[in-house]
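Okay, structure first, notes after.
The values are calculated or read from the model by the stated rules, or taken from the named source; none is laboratory data. None of the values given here were measured: they were computed from a predicted structure. A quick note on method: Cβ atoms are made from the backbone with ideal geometry, for glycine too, and the neighbour counts reach across all protein chains shown. For accessibility, only protein heavy atoms count, side chains too; no ligands or nucleic acids. Shrake-Rupley method; radii C 1.70, N 1.55, O 1.52, S 1.80 Å.
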Amino acid sequence: MTFVPRHRKNGKTRVFPAPIPTMQKLDLAIAGMHCAACAARLEKCLNALPGVRASVNFASERALVTLSGAVSPQEVVRAIKAAGFETPSEVLELAISGMHCAACAARVETLLNRLPDVEASVNLANEQARVHWRPGVSATPAEIIAAIEKAGFKAARLDDSIRETVRTEKDAAYRREVRRFWISALLTLPLLAQMPFMLAGGHGMELPRWLQCALATPVQFWIGARFYAGAWSALKNGSANMDVLVALGTSMAWGFSTVVTVMGLRQHVYFEGAAAVITLVLLGKLLEARAKARAASALESLAHLQPRVARVEREGSIEEIAVERLSPGDVFLVRPGETIPVDGEVLDGDSAVDEALLTGESIPVAKSPGAAVFAATLNGTGLLRCRATGVGEQTLLAGIIRLVAEAQGSKAPVQRLTDRISAIFVPTVCGIAFVTFLGWWFTAGDLATALVNAVAVLVIACPCALGLATPTAIMVGAGLGAQAGILIRNAEALERVGKLRVLALDKTGTLTEGRPRVTDILPVEAGGTDWIRAAAALEQGSEHPLARAILALPEARDVPVTTGFRAFPGAGVEGVVKGRRLRLGAPDWACPDLDDTLAARVAALRGQGKTVVALRDTTQESPLGLIAIADALRATTPAALARLAAADVRAIMLTGDNERTAATIAAEAGIREFRAGILPEGKARALRELKTGDAVVGMVGDGVNDAPALAAADVSFAMGAGSDAAIRTADVTLMRNDLNALADALSLSRATMGKIRQNLFFAFLYNVLGIPLAALGYLNPVIAGAAMALSSVSVVSNSLRLRRWRPGA
């Protein structure tokens, strides 16, 4: 043990043991390790840090790190990143109760983002928070929840059981608030009933002041207790919210009136103003809660569509079990008219399945052995026997629900301004109210008038309308998109889609059906079918659509083995088949010296929109044969492109086909611009070239083969997403194999952004006009309270009008 001198006493030096460093252990997930050498390299890098002992496990992709205090956890994370790896963050979804306005949401978001290595987004509309945290480095979920509760709110992790509990608690709270509202209304009504007579000069009809105080006091301190509790919670944490405005304004009116009543002064009292404001604000909150529930109804409807039970084969018999107990590999039966419980593959039976829930397409899809089926879709008239492939959170429906929930909880760039305003809104309004009070008191010399106008300023100001303007519209828009088979990753993508001006389109599978078939087989230097089998041998294992077309030929059976295989991207393939080195691919590459007759035949086929491939023995000049392949244009493509053109979107086709074939397809589709002969990596370069000025450039493809181009685009669309991978990669996933879905996404985005602009205009206009009018004495507190209550309701109701949007509009 090390000893260090501390001080001298009686000429002697006293020594004490050195403090033992506090040891901290981190268990970190590591992404980006591809082999054991990666793990060894990372371990070496970490152990080079002072006071660090690390062990990296390649199999579990985790690092166990012990710190002695010389290095912080954040420095360890930076060292991991510098070594070329990542510590992936995890997502924590929380249900938060107790937020009453945009200032509350802003306060929660601010305190969460102050926690170490935590990024959070709080949505007032659905009362949820989405938190990104790093296990072992960030604050833990328990610490995150504790920080929220310390600020005066309640938080709980969201899962299926919690969602149900939250929903039940919200319903109970709503019913409780409805009862309180009716009690408040009954107590306030006599106070308001006397006002017309008083305005007409009939002061004899005025209720006794002691009775007015008796009616107003329960409203102020029992019904209004929620505002005092919310205000105290905000103030003790160094912020202010709408509750502060309501509590302060009504307390001033009630307190002034009580003093006048107790002291018997000959002044007008404002009990009716204080009670009416609380009653009207409470009514506004009830209407707002009801409207927000309707805005979130699309996601709720998706979550309830999966059946609760499934019929499963167990030891030769059929038994009904809960869907939660199904495992991958279980064999289940779906009777006619039943809903499919989980994702699966058809083993036996033929039927037609209504997949409108997932794709928005009303025409049922034929299912036969080998076809994929999805949870919550509706079986038609046939009996299906299926094997489960995706259960629980692994179903396509669960992926859609996760994506929609993430989109509804995200923030659009346009919301950043309102967030900044909400953060300073309440203190600013309090300052204006104070200036109003002083100004009227000194100029008019009347304390009552100064008080009434200050109360009107406090009451009419409403940060809720600002806070709800954007998220409610996004919630409705994202939900509508999911119902139409349009999955939007987040609010930022939704905003960018509406600004789309240039759209690059892949040909195969986007403009065309994506099912190429061989149309012409032209032997040249070979007879019989051996040369076709040789071509099929070269295409074995390839996932290219043209390869699949050749492999689907009846002649492509019992193909020989290929050795010495080489692929030439964008050109073709080469290999040795039965001792002969063969080339299969574009005629210009496989057979650069075609004679005039064959060249003319190739040109004629290309003129019909067909793709031609040639097979040649490298020891010969002439090809063994030519194969023409065609992929029919989708019937809906021309109409969809016309809709995009009408929306001022410039369409450009990018294809690896030759100029002649590309021109034919473009003419059929109605596309004026195209680029032919582009390799997959060339598409990304073409996208970057299209980005001129401020134009937003989009790319639509299959989500896998076009990954570089999709990544290079400002906004990416993946068509025909039958896989969770496509949902994860694209900004927008179109569940229908139809370009009309993209036109619908554009229409929905522009409609949603239009509603957001309307909401923000109204919210800003309301506050910009209302506060000065109240300060100048033109608004009675009761009128101001009614206006404040209706402002947030009107914003949410305007967002709900978006539900009138329909695909194809």
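Pairs, please: C-beta under 6 Å, at least 6 apart or cross-chain, first residue touching a residue at least 24 places away in the same chain (Cβ under 8 Å) and in the stretch 231-244, second aromatic (Phe, Trp, Tyr)?
Asp243/Phe227
Within the stretch 706-713, is there a residue that is among the aliphatic types (A, V, I, L, M), modelled with pLDDT of 80 or more, under 20 Å from the mean Cα position of the chain (by Cα) and open to solvent by less than 10 Å² (accessible area, probe 1.4 Å)?
Scanning the stretch 706-713, I find no residue that is among the aliphatic types (A, V, I, L, M), modelled with pLDDT of 80 or more, under 20 Å from the mean Cα position of the chain (by Cα) and open to solvent by less than 10 Å² (accessible area, probe 1.4 Å), so the answer is no.
With (1) in a strand (DSSP E or B); (2) crowded, with 17+ Cβ neighbours inside 10 Å; (3) of a type in the set (A, V, I, L, M, F, W, C); (4) at pLDDT below 90 as the list, and Ala366 as the residue in question, which single condition is left unmet?
Of (1) in a strand (DSSP E or B); (2) crowded, with 17+ Cβ neighbours inside 10 Å; (3) of a type in the set (A, V, I, L, M, F, W, C); (4) at pLDDT below 90, only one is false for Ala366: (2).
Residues to consider are Phe437, Phe425, Phe442; find the one that is at negative phi and surrounded by fewer than 22 Cβ atoms within 10 Å (Cβ to Cβ). Break it down into steps so the answer makes sense when it comes.
Details: Phe437 fails: surrounded by fewer than 22 Cβ atoms within 10 Å (Cβ to Cβ); Phe425 fails: surrounded by fewer than 22 Cβ atoms within 10 Å (Cβ to Cβ).
After applying the criteria, what remains is Phe442.
Name every residue in the stretch 792-809 that is surrounded by fewer than 24 Cβ atoms within 10 Å (Cβ to Cβ) and at pLDDT below 80, in order of residue number.
So the first thing to find is which residues in the stretch 792-809 are surrounded by fewer than 24 Cβ atoms within 10 Å (Cβ to Cβ), and the list is 793-794, 797-798, 800-809.
Residues satisfying the conditions are Val793, Gly808, Ala809.
Among the numbered criteria (1) open to solvent by 30 Å² or more (accessible area, probe 1.4 Å); (2) at pLDDT 85 or above; (3) in a strand (DSSP E or B), which single criterion is violated by Trp589?
Of everything listed in (1) open to solvent by 30 Å² or more (accessible area, probe 1.4 Å); (2) at pLDDT 85 or above; (3) in a strand (DSSP E or B), Trp589 misses just condition (3).
Tell me, which residue of the stretch 619-656 that is assigned to a loop (DSSP other than H, G, I, E, B), β-branched (Val, Ile, Thr) and modelled with pLDDT of 85 or more is most open to solvent (accessible area, probe 1.4 Å)?
The qualifying residue most open to solvent (accessible area, probe 1.4 Å) is Thr636.
Does any residue of the stretch 374-387 turn out to be open to solvent by less than 10 Å² (accessible area, probe 1.4 Å) and in a helix (DSSP H, G or I)?
No, the stretch 374-387 contains no residue that is open to solvent by less than 10 Å² (accessible area, probe 1.4 Å) and in a helix (DSSP H, G or I).
Output the number of residues of the stretch 21-44 satisfying the condition of being open to solvent by 20 Å² or more (accessible area, probe 1.4 Å) and over 14 Å from Glu86 (Cβ atoms).
13
Out of everything in the stretch 62-92 that is open to solvent by 70 Å² or more (accessible area, probe 1.4 Å) and part of a strand (DSSP E or B), what residue ends up being nearest to Asp27 (Cα to Cα)?
Here the answer is Leu64.
Considering Ala614, Ala567, which residue is within 20 Å of Pro545 (Cβ to Cβ), open to solvent by 60 Å² or more (accessible area, probe 1.4 Å) and among the aliphatic types (A, V, I, L, M)? Show your work before the answer.
Numbers: Ala614 fails: open to solvent by 60 Å² or more (accessible area, probe 1.4 Å).
So the residue among Ala614, Ala567 that is within 20 Å of Pro545 (Cβ to Cβ), open to solvent by 60 Å² or more (accessible area, probe 1.4 Å) and among the aliphatic types (A, V, I, L, M) is Ala567.
Of the residues in the stretch 536-578, how many are in contact (Cβ under 8 Å) with a residue 12 or more places away in the chain, touching a strand residue (DSSP E or B) at 6+ places or on another chain (Cβ under 9 Å) and either part of a helix (DSSP H, G or I) or of a type in the set (D, E, K, R) (or both)?
Here the count works out to 9.
Name the pairs whose Cβ atoms lie under 6 Å apart, with the first residue in the stretch 390-406 and assigned to a helix (DSSP H, G or I), the second open to solvent by 10 Å² or more (accessible area, probe 1.4 Å) and among the aromatic types (Phe, Trp, Tyr), and 6 or more positions between them or separate chains?
Leu396/Phe374
For residues that are surrounded by 15 or more Cβ atoms within 10 Å (Cβ to Cβ) and modelled with pLDDT under 80, tally how many sit in the stretch 514-528.
Residues that pass the stated criteria total 2.
Would it be correct to say that Arg533 is open to solvent by 60 Å² or more (accessible area, probe 1.4 Å) and without any contact (Cβ under 8 Å) to a residue 40 or more places away in the chain? So that I can check it myself, show each step before the final result.
On the way: open to solvent by 60 Å² or more (accessible area, probe 1.4 Å): yes; without any contact (Cβ under 8 Å) to a residue 40 or more places away in the chain: yes.
Here the answer is yes, as Arg533 does meet what is asked.
Quick check on my filter: what residues within the stretch 45-61 are over 12 Å from Leu26 (Cα atoms) and either touching an Asp or Glu at 6+ places or on another chain (Cβ under 8 Å) or not in a helix (DSSP H, G or I) (or both)?
Matches in the stretch 45-61: Ala48, Leu49, Pro50, Gly51, Asn57, Phe58, Ala59, Ser60, Glu61.
Can you go through Leu487, Leu466 and tell me which one is closer than 30 Å to Arg736 by Cβ and either touching a residue at least 60 places away in the same chain (Cβ under 8 Å) or part of a helix (DSSP H, G or I) (or both)? If you could, list the steps in order and put the result at the bottom.
Details: Leu466 fails: closer than 30 Å to Arg736 by Cβ.
So the residue among Leu487, Leu466 that is closer than 30 Å to Arg736 by Cβ and either touching a residue at least 60 places away in the same chain (Cβ under 8 Å) or part of a helix (DSSP H, G or I) (or both) is Leu487.
Return the pair list, or none, for Cβ contacts closer than 8 Å from residues in the stretch 780-809 that are of a type in the set (Ser, Thr, Tyr) to residues that are surrounded by fewer than 20 Cβ atoms within 10 Å (Cβ to Cβ), at least 6 apart or on different chains.
Here the result reads Ser791/Phe762; Ser794/Phe762, each pair linking the stretch 780-809 to a residue that is surrounded by fewer than 20 Cβ atoms within 10 Å (Cβ to Cβ).
Given the structure, is Arg557 open to solvent by 40 Å² or more (accessible area, probe 1.4 Å) and at pLDDT 85 or above? First the steps, then the outcome.
Details: open to solvent by 40 Å² or more (accessible area, probe 1.4 Å): yes; at pLDDT 85 or above: no.
Judged against the criteria, Arg557 is not a match.
Residues checked against (1) buried (at least 19 other Cβ atoms within 10 Å of the Cβ); (2) touching an Asp or Glu at 6+ places or on another chain (Cβ under 8 Å):
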{"position": "Ala234", "(1), (2)": "yes, yes"}
{"position": "Asn241", "(1), (2)": "yes, no"}
{"position": "Leu245", "(1), (2)": "yes, no"}
{"position": "Thr250", "(1), (2)": "yes, no"}
{"position": "Gly255", "(1), (2)": "no, no"}
{"position": "Lys285", "(1), (2)": "yes, yes"}
{"position": "Ala293", "(1), (2)": "no, no"}
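Among the residues of the stretch 613-645, which ones are in contact (Cβ under 8 Å) with a residue 40 or more places away in the chain, of a type in the set (A, V, I, L, M) and more than 17 Å from Ile671 (Cα to Cα)?
Of everything in the stretch 613-645, those that are in contact (Cβ under 8 Å) with a residue 40 or more places away in the chain, of a type in the set (A, V, I, L, M) and more than 17 Å from Ile671 (Cα to Cα) turn out to be Val613, Leu615, Leu624, Leu626, Ile627, Ala628, Ile629, Ala630.
Being at pLDDT 85 or above and open to solvent by less than 40 Å² (accessible area, probe 1.4 Å) is the filter; apply it to the stretch 536-553 and report the residue that is nearest to Arg583 (Cα to Cα).
If we take residues in the stretch 536-553 being at pLDDT 85 or above and open to solvent by less than 40 Å² (accessible area, probe 1.4 Å), then Leu538 is nearest to Arg583 (Cα to Cα).
List the number of the failed condition for Ala491; all other conditions in (1) surrounded by 18 or more Cβ atoms within 10 Å (Cβ to Cβ); (2) of a type in the set (Gly, Ala, Ser); (3) more than 30 Å from Arg757 (Cα to Cα) hold.
If we test Ala491 against (1) surrounded by 18 or more Cβ atoms within 10 Å (Cβ to Cβ); (2) of a type in the set (Gly, Ala, Ser); (3) more than 30 Å from Arg757 (Cα to Cα), just (3) comes out false.
The rows are residues; the columns are (1) in a strand (DSSP E or B); (2) of a type outside the set (Phe, Trp, Tyr); (3) modelled with pLDDT under 85; (4) under 22 Å from the mean Cα position of the chain (by Cα).
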{"site": "Ala726", "(1), (2), (3), (4)": "no, yes, yes, yes"}
{"site": "Asn737", "(1), (2), (3), (4)": "no, yes, yes, yes"}
{"site": "Ala741", "(1), (2), (3), (4)": "no, yes, no, yes"}
{"site": "Ile756", "(1), (2), (3), (4)": "no, yes, no, yes"}
{"site": "Leu760", "(1), (2), (3), (4)": "no, yes, no, yes"}
{"site": "Gly770", "(1), (2), (3), (4)": "no, yes, no, no"}
{"site": "Ala774", "(1), (2), (3), (4)": "no, yes, no, no"}
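Condition check ((1) farther than 23 Å from Lys236 by Cα; (2) surrounded by fewer than 20 Cβ atoms within 10 Å (Cβ to Cβ)) across all residues:
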position	(1), (2)
Ile96	no, no
Met99	no, no
Ala102	no, no
Glu119	yes, yes
Asn123	no, no
Glu127	no, no
Val131	yes, no
Pro135	yes, yes
Glu143	no, yes
